[in-house]
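> Pasting a structure here, questions to come.
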Amino acid sequence: MPLACLASAMVSGNTRVAGVIGQPVRHSMSPAIHNAAYRELGLDWLYVAFEVAPRNLASALRSVTALGLGGLSVTMPHKDHVAILVDEPSEAVRALGACNTVVPLPDGGLAGHNTDGDGLLDSLRHDEIDVAGRRIVLLGAGGAGRSIAEAFGRSDAGELVVINRDIDKAVTAAKLASGIGRVGTTEDLADADIIVNATSVGMGSSGAFPFDPALLGPKQVVVDLIYEPLITPLLHAATERGCRTADGLGMLVFQAARQFRLFAGQEAPIATMLAAARSALQSSN
Ligand code: NAP
């Protein structure tokens, strides 16, 4: 039986509903990841995708309380606007001005969280990639890059060097990494312990590299946030040069795992969520 049928077979009058809002959102892998976790733990929960136009965002948020939803993930283009609309934004949401998770509060208000940057750090921890005292070079200062910079700023990493095409955005991201951030150039790559690609360069079938991979050395760890393709040209070249690598599925799953805990109040079944993400990715290709 297809997974979607299995999920709907479990729906009852008590089923709690959570979901993701975005536009477009039909391609989202979040339903596959969250529903797999509910099934694994036998929870009477269902996670769906809601296509929400910007003009309907405020009423969509009000429906969290009105309909008794268990929580909402928030994706493009709503993250910035939701950060303003929630009643209790977390420290990360306030710093970033971006919110990817909405959780109903007992008083009828809404809490806002951002699990993106911490999701990456959780995935590195899971892969036993230690960031303590390490020099991190972050390429990219868009939404993902900023959330990562903010999370590294709360970690025990030694230094965070931000490289970005638009220098003003690099300055903003470096400031978010409270005390350990600075703006750099590709010359900083040689001394990096961990290199994180948070640019969109290498997505799809472009075959493009965010920097010349000949600059990589074998002791370095290379992380690419892109998960389509899972093995980007950068990760392929990094492996050939003897680097340790991590793909974008880790961040995707661990940011969802944090949302799962916030919504359902239970530990997330990580292995199940990783397997669901991998399978959703394969069936989308
Ligand atoms: P975004 O806000 O649009 O930022 C895009 C970033 O890529 C900016 O830093 C931009 O630089 C840079 N960039 C784009 N084209 C470039 C080019 N030709 N040369 C150099 N730099 C270029 O996007 P985002 O949300 O941060 O996402 C960035 C990447 O992370 C995407 O590939 C996305 O799929 C991935 N991502 C993965 C996860 C995950 O869970 N694994 C989560 C979020 C995002 P400028 O500022 O100079 O334009």
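> For segment 145-155, indicate whether the set of residues that are among the β-branched types (Val, Ile, Thr) and within 19 Å of Gln259 (Cα to Cα) is non-empty.
Yes, that holds for at least one residue.
> A further question on this structure: Provide a single number: the residues in segment 185-208 that are within 14 Å of the ligand (Cβ to nearest atom) and more than 27 Å from Leu230 (Cβ to Cβ).
Counting residues in segment 185-208 that are within 14 Å of the ligand (Cβ to nearest atom) and more than 27 Å from Leu230 (Cβ to Cβ) gives 1.
> I'm trying to understand the selection: among the residues of segment 192-246, which are β-branched (Val, Ile, Thr) and under 20 Å from Ala144 (Cβ atoms)? It would help to see each step written out before you state the result.
Taking segment 192-246 as the starting set, the residues that turn out to be β-branched (Val, Ile, Thr) are 194-196, 199, 201, 221-223, 226, 231-232, 239, 245.
Ile194, Ile195, Val196, Thr199, Val201, Val221, Val222, Val223, Ile226, Ile231, Thr232, Thr245, listed by residue number.
> Criterion first (more than 10 Å from the ligand (Cβ to nearest atom), touching a residue at least 40 places away in the same chain (Cβ under 8 Å) and buried (at least 23 other Cβ atoms within 10 Å of the Cβ)) does Phe254 satisfy it?
So Phe254 does not fit the description; no.
> Scan segment 146-174 for residues that are open to solvent by less than 60 Å² (accessible area, probe 1.4 Å) and either under 18 Å from Asp193 (Cβ atoms) or of a type in the set (Asp, Glu) (or both) and report the count.
Residues in segment 146-174 being open to solvent by less than 60 Å² (accessible area, probe 1.4 Å) and either under 18 Å from Asp193 (Cβ atoms) or of a type in the set (Asp, Glu) (or both): 15 in total.
> Oh, and also: Just the residues that are among the hydroxyl-bearing types (Ser, Thr, Tyr), surrounded by fewer than 24 Cβ atoms within 10 Å (Cβ to Cβ) and within 15 Å of the chain's Cα centre (by Cα), please, taken from segment 74-122.
Correct list: Thr75 only.
> Find the residue count for segment 209-239, including only residues that are touching a Ser or Thr at 6+ places or on another chain (Cβ under 6 Å) and either over 21 Å from Ser284 (Cβ atoms) or more than 13 Å from the ligand (Cβ to nearest atom) (or both).
Here is the first cut: in segment 209-239, the ones touching a Ser or Thr at 6+ places or on another chain (Cβ under 6 Å) are 210-211, 222, 224, 226, 235, 238-239.
Imposing the further condition that a residue be either over 21 Å from Ser284 (Cβ atoms) or more than 13 Å from the ligand (Cβ to nearest atom) (or both) reduces the set to 210-211, 222, 238-239.
Going through segment 209-239 one residue at a time, the tally reaches 5.
> Only one of (1) more than 16 Å from the ligand (Cβ to nearest atom); (2) in a loop (DSSP other than H, G, I, E, B); (3) over 29 Å from Gly217 (Cβ atoms) fails for Ala98. Which number is that?
With (1) more than 16 Å from the ligand (Cβ to nearest atom); (2) in a loop (DSSP other than H, G, I, E, B); (3) over 29 Å from Gly217 (Cβ atoms) applied to Ala98, the lone miss is (1).
> Out of Leu85, Leu139, I need the residue that is within 16 Å of the ligand (Cβ to nearest atom) and not small (Gly, Ala, Ser). Which one?
Numbers: Leu85 fails: within 16 Å of the ligand (Cβ to nearest atom).
Checking each option against the conditions leaves just Leu139.
> Which one is least open to solvent (accessible area, probe 1.4 Å), of the residues in segment 262-285 that are within 16 Å of the ligand (Cβ to nearest atom), part of a helix (DSSP H, G or I) and small (Gly, Ala, Ser)?
It comes out as Ala277.
> Against the conditions (1) closer than 30 Å to Val48 by Cβ; (2) more than 9 Å from the ligand (Cβ to nearest atom); (3) not in a helix (DSSP H, G or I), where does Gln259 fall short? Just the number, please.
Unmet for Gln259, out of (1) closer than 30 Å to Val48 by Cβ; (2) more than 9 Å from the ligand (Cβ to nearest atom); (3) not in a helix (DSSP H, G or I): (3).
> Within segment 56-73, how many residues turn out to be within 26 Å of Asn35 (Cβ to Cβ) and open to solvent by 10 Å² or more (accessible area, probe 1.4 Å)?
10
> Identify, please: which residue in segment 9-26 is β-branched (Val, Ile, Thr) and assigned to a strand (DSSP E or B) and is, among those, most open to solvent (accessible area, probe 1.4 Å)?
Top of the filtered list is Val17.
> Right, Gly112: in a helix (DSSP H, G or I) and not acidic (Asp, Glu) or not? Give the derivation first.
Values: in a helix (DSSP H, G or I): no; not acidic (Asp, Glu): yes.
No: the conditions fail for Gly112.
> Across segment 27-63, what is the total count of residues that are in contact with a Lys or Arg (Cβ under 9 Å, 6 or more places away or on another chain) and either in a strand (DSSP E or B) or at pLDDT below 95 (or both)?
Of the residues in that region, 4 qualify.
> Where in segment 175-234 are there strands (runs of 3 or more DSSP E), lying fully within it, with 3 or more residues that are buried (at least 22 other Cβ atoms within 10 Å of the Cβ)? Working first, answer last.
Values: elements: 181-183, 194-197, 221-224.
Per the criteria, 194-197, 221-224.
The values are calculated or read from the model by the stated rules, or taken from the named source; none is laboratory data. Remember, predicted model here, so these are calculated numbers, not experimental data. With ideal geometry, Cβ positions are generated from the backbone for all residues, glycine too; neighbour counts draw on all protein chains shown. Accessible surface is based on the protein model in full, side chains and every heavy atom, while ligands, DNA and RNA are left aside. Shrake-Rupley method; radii C 1.70, N 1.55, O 1.52, S 1.80 Å.
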